[in-house]
Amino acid sequence: MYINNIDIVQFDAELYSKQIGTKEINSETEWNRKKFLIKDQQKLSLPLNVELIVKGEDINILEKNISNIIKESQKSSIKFKDIDFFLDGILKSSSPKYIGKDLMDDKETSLLNLDFEVYYKYEQEKIINFNKSNDLTIFVVGNDTTPAIVEITPSIDVASVNITGF
(Lines give C-alpha, C1' and ligand atoms only; values in the text may rest on other atoms or scores of the structure.)
Protein backbone atom coordinates (compact mmCIF):
# COMPACT_ATOMS: atom_id res chain seq x y z
CA MET A 1 0.00 0.00 0.00
CA TYR A 2 1.20 3.48 -0.87
CA ILE A 3 0.14 6.72 0.84
CA ASN A 4 1.06 9.77 -1.26
CA ASN A 5 3.46 7.54 -3.25
CA ILE A 6 5.25 6.49 -0.05
CA ASP A 7 5.33 2.75 0.61
CA ILE A 8 4.04 2.02 4.12
CA VAL A 9 7.03 -0.32 4.59
CA GLN A 10 9.02 2.88 5.25
CA PHE A 11 6.87 3.33 8.38
CA ASP A 12 7.51 -0.32 9.39
CA ALA A 13 3.87 -1.12 8.58
CA GLU A 14 2.03 -3.69 6.52
CA LEU A 15 -1.54 -3.91 5.26
CA TYR A 16 -3.70 -6.21 7.38
CA SER A 17 -7.10 -5.62 5.73
CA LYS A 18 -8.97 -3.19 3.49
CA GLN A 19 -12.64 -2.58 2.75
CA ILE A 20 -13.55 -0.34 -0.17
CA GLY A 21 -17.21 0.68 -0.17
CA THR A 22 -19.37 2.04 -2.95
CA LYS A 23 -20.30 5.65 -3.63
CA GLU A 24 -23.44 6.87 -1.98
CA ILE A 25 -25.87 8.59 -4.35
CA ASN A 26 -28.57 11.04 -3.28
CA SER A 27 -31.34 11.40 -5.84
CA GLU A 28 -34.22 13.84 -5.89
CA THR A 29 -37.02 12.43 -8.01
CA GLU A 30 -40.51 13.44 -9.01
CA TRP A 31 -43.14 10.86 -9.85
CA ASN A 32 -45.42 11.57 -12.79
CA ARG A 33 -48.29 9.47 -14.05
CA LYS A 34 -46.31 6.67 -15.74
CA LYS A 35 -42.68 7.38 -14.99
CA PHE A 36 -40.46 9.32 -12.68
CA LEU A 37 -38.07 12.18 -13.41
CA ILE A 38 -34.69 12.53 -11.77
CA LYS A 39 -34.46 16.20 -10.84
CA ASP A 40 -31.09 16.14 -9.14
CA GLN A 41 -28.50 13.48 -8.42
CA GLN A 42 -25.42 13.92 -6.25
CA LYS A 43 -22.60 11.44 -5.95
CA LEU A 44 -21.05 11.53 -2.52
CA SER A 45 -17.85 10.03 -1.19
CA LEU A 46 -17.14 6.34 -0.81
CA PRO A 47 -15.94 4.83 2.48
CA LEU A 48 -12.57 3.15 2.79
CA ASN A 49 -11.46 1.26 5.89
CA VAL A 50 -7.84 0.15 6.23
CA GLU A 51 -6.19 -1.80 9.03
CA LEU A 52 -2.41 -1.68 9.28
CA ILE A 53 -0.03 -3.60 11.50
CA VAL A 54 2.61 -1.11 12.63
CA LYS A 55 5.84 -2.12 14.36
CA GLY A 56 8.71 -0.39 16.13
CA GLU A 57 11.89 -1.33 17.99
CA ASP A 58 10.40 0.19 21.16
CA ILE A 59 7.24 2.07 22.19
CA ASN A 60 8.69 5.46 21.20
CA ILE A 61 9.52 4.36 17.66
CA LEU A 62 6.13 2.62 17.38
CA GLU A 63 4.32 5.83 18.38
CA LYS A 64 6.46 7.82 15.93
CA ASN A 65 5.60 5.42 13.08
CA ILE A 66 1.87 5.63 13.90
CA SER A 67 2.06 9.43 14.08
CA ASN A 68 3.86 9.64 10.71
CA ILE A 69 1.24 7.42 9.04
CA ILE A 70 -1.63 9.50 10.44
CA LYS A 71 0.06 12.77 9.40
CA GLU A 72 0.67 11.48 5.86
CA SER A 73 -2.90 10.14 5.61
CA GLN A 74 -4.78 13.35 6.47
CA LYS A 75 -5.11 14.39 2.82
CA SER A 76 -3.86 11.56 0.71
CA SER A 77 -3.72 9.58 -2.48
CA ILE A 78 -3.86 5.86 -1.69
CA LYS A 79 -2.73 3.08 -4.00
CA PHE A 80 -2.94 -0.61 -3.21
CA LYS A 81 -0.42 -2.97 -4.78
CA ASP A 82 -3.10 -5.37 -6.05
CA ILE A 83 -5.52 -2.74 -7.47
CA ASP A 84 -4.89 -0.40 -10.42
CA PHE A 85 -6.89 2.51 -8.97
CA PHE A 86 -5.73 5.54 -7.03
CA LEU A 87 -8.06 6.68 -4.25
CA ASP A 88 -7.92 10.37 -3.27
CA GLY A 89 -9.56 11.46 -0.06
CA ILE A 90 -9.23 12.60 3.52
CA LEU A 91 -8.78 10.78 6.79
CA LYS A 92 -11.99 10.77 8.87
CA SER A 93 -10.76 8.87 11.91
CA SER A 94 -7.88 6.81 13.20
CA SER A 95 -7.66 4.46 16.16
CA PRO A 96 -4.48 2.65 17.17
CA LYS A 97 -4.76 -0.46 19.33
CA TYR A 98 -1.63 -1.67 21.09
CA ILE A 99 -1.14 -5.43 20.63
CA GLY A 100 2.13 -6.09 22.43
CA LYS A 101 5.60 -7.36 21.67
CA ASP A 102 5.91 -9.57 18.60
CA LEU A 103 7.93 -12.63 19.60
CA MET A 104 8.99 -13.40 16.02
CA ASP A 105 10.96 -10.20 15.41
CA ASP A 106 11.07 -8.76 18.96
CA LYS A 107 9.24 -5.53 18.02
CA GLU A 108 6.41 -3.59 19.64
CA THR A 109 3.25 -4.02 17.55
CA SER A 110 0.05 -2.05 17.14
CA LEU A 111 -3.05 -2.36 14.94
CA LEU A 112 -3.94 0.97 13.32
CA ASN A 113 -7.48 1.40 11.99
CA LEU A 114 -7.91 4.22 9.44
CA ASP A 115 -11.25 5.39 8.02
CA PHE A 116 -11.16 7.52 4.87
CA GLU A 117 -13.69 9.48 2.85
CA VAL A 118 -12.65 8.95 -0.77
CA TYR A 119 -13.79 11.53 -3.34
CA TYR A 120 -11.92 10.41 -6.46
CA LYS A 121 -11.13 6.93 -7.75
CA TYR A 122 -9.10 6.83 -10.95
CA GLU A 123 -6.50 4.90 -12.90
CA GLN A 124 -3.08 6.11 -13.89
CA GLU A 125 -2.83 8.27 -17.01
CA LYS A 126 -2.46 6.28 -20.20
CA ILE A 127 -0.23 7.36 -23.06
CA ILE A 128 -1.15 5.91 -26.45
CA ASN A 129 1.18 6.18 -29.39
CA PHE A 130 0.08 5.50 -32.93
CA ASN A 131 2.40 5.73 -35.85
CA LYS A 132 1.44 5.45 -39.50
CA SER A 133 -1.99 4.01 -38.79
CA ASN A 134 -5.20 5.25 -40.29
CA ASP A 135 -7.52 4.73 -37.32
CA LEU A 136 -7.19 4.74 -33.58
CA THR A 137 -10.06 4.12 -31.19
CA ILE A 138 -9.60 5.02 -27.55
CA PHE A 139 -11.85 3.20 -25.09
CA VAL A 140 -12.32 4.61 -21.61
CA VAL A 141 -13.25 1.72 -19.34
CA GLY A 142 -15.80 2.74 -16.74
CA ASN A 143 -19.44 3.31 -16.05
CA ASP A 144 -19.55 7.05 -15.50
CA THR A 145 -18.97 10.16 -17.58
CA THR A 146 -15.21 10.53 -17.61
CA PRO A 147 -13.31 13.67 -18.49
CA ALA A 148 -10.41 13.10 -20.83
CA ILE A 149 -7.57 15.20 -22.14
CA VAL A 150 -6.50 14.23 -25.63
CA GLU A 151 -3.18 15.72 -26.63
CA ILE A 152 -2.12 15.28 -30.24
CA THR A 153 1.45 15.90 -31.28
CA PRO A 154 1.66 15.31 -35.03
CA SER A 155 4.84 14.14 -36.63
CA ILE A 156 6.34 15.93 -39.61
CA ASP A 157 4.68 13.74 -42.25
CA VAL A 158 1.08 14.24 -41.03
CA ALA A 159 -0.91 16.33 -43.49
CA SER A 160 -4.22 16.38 -41.60
CA VAL A 161 -5.87 14.89 -38.53
CA ASN A 162 -9.61 14.21 -38.25
CA ILE A 163 -11.19 13.70 -34.84
CA THR A 164 -14.71 12.27 -34.62
CA GLY A 165 -16.94 10.82 -31.95
CA PHE A 166 -16.99 13.54 -29.31
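The values are calculated or read from the model by the stated rules, or taken from the named source; none is laboratory data. This one's a predicted model, so the numbers in the text were calculated from it and none came from an experiment. Cβ placement follows ideal geometry from the backbone for every residue including glycine, while neighbour counts extend to all protein chains displayed.
Descriptive notes on the structure:
- Among the residues listed as Phe116, Phe139, Phe86, Phe130, the single one being under 30 Å from Ile163 (Cβ atoms), hydrophobic (A, V, I, L, M, F, W, C) and not in a loop (DSSP other than H, G, I, E, B): Phe86
- Applying a threshold of 9 Å to beta carbon distances and a minimum spacing of six or more residues, or different chains, the list of pairs starting in the stretch 13-33 at a residue that is farther than 28 Å from Glu63 by Cβ and ending at one that is assigned to a loop (DSSP other than H, G, I, E, B) and small (Gly, Ala, Ser) reads Lys23/Ser45; Glu24/Ser45.
- Sole exception among (1) more than 30 Å from Ile6 (Cβ to Cβ); (2) modelled with pLDDT of 75 or more for Ile38, by number: (2)
- Being free of Cβ contacts under 8 Å to residues at least 12 places away in the same chain, in a strand (DSSP E or B) and within 15 Å of Asp12 (Cα to Cα) is a property that holds for Lys101.
- Only one entry of Lys18, Lys23 meets the criterion of being touching a Leu at 6+ places or on another chain (Cβ under 9 Å), in a strand (DSSP E or B) and within 30 Å of Lys97 (Cα to Cα), and that entry is Lys18.
- Some residue of the stretch 98-119 being at pLDDT 85 or above, in contact with a Phe, Trp or Tyr (Cβ under 7 Å, 6 or more places away or on another chain) and within 30 Å of Gln42 (Cβ to Cβ): no
- Scoring Ser94 on the criteria (1) within 30 Å of Thr145 (Cβ to Cβ); (2) of a type in the set (S, T, N, Q); (3) more than 12 Å from the chain's Cα centre (by Cα) leaves a single failure, condition (1).
- Some residue of the stretch 40-52 being surrounded by fewer than 15 Cβ atoms within 10 Å (Cβ to Cβ), assigned to a strand (DSSP E or B) and without any contact (Cβ under 8 Å) to a residue 12 or more places away in the chain: no
- Residue within the stretch 65-73 that is over 28 Å from Ile99 (Cβ atoms) and out of contact with any Asp or Glu (no Cβ under 7 Å at 6 or more places or on another chain) present: no
- Some residue of the stretch 60-75 being under 29 Å from Ile25 (Cα atoms), surrounded by fewer than 13 Cβ atoms within 10 Å (Cβ to Cβ) and modelled with pLDDT of 90 or more: yes
- Taking the conditions (1) surrounded by 12 or more Cβ atoms within 10 Å (Cβ to Cβ); (2) in contact (Cβ under 8 Å) with a residue 40 or more places away in the chain in turn, Ser94 satisfies each one other than (2).
- In the stretch 34-58, the residues that are of a type in the set (S, T, N, Q) and either more than 24 Å from Ser77 (Cα to Cα) or more than 30 Å from the chain's Cα centre (by Cα) (or both): Gln41
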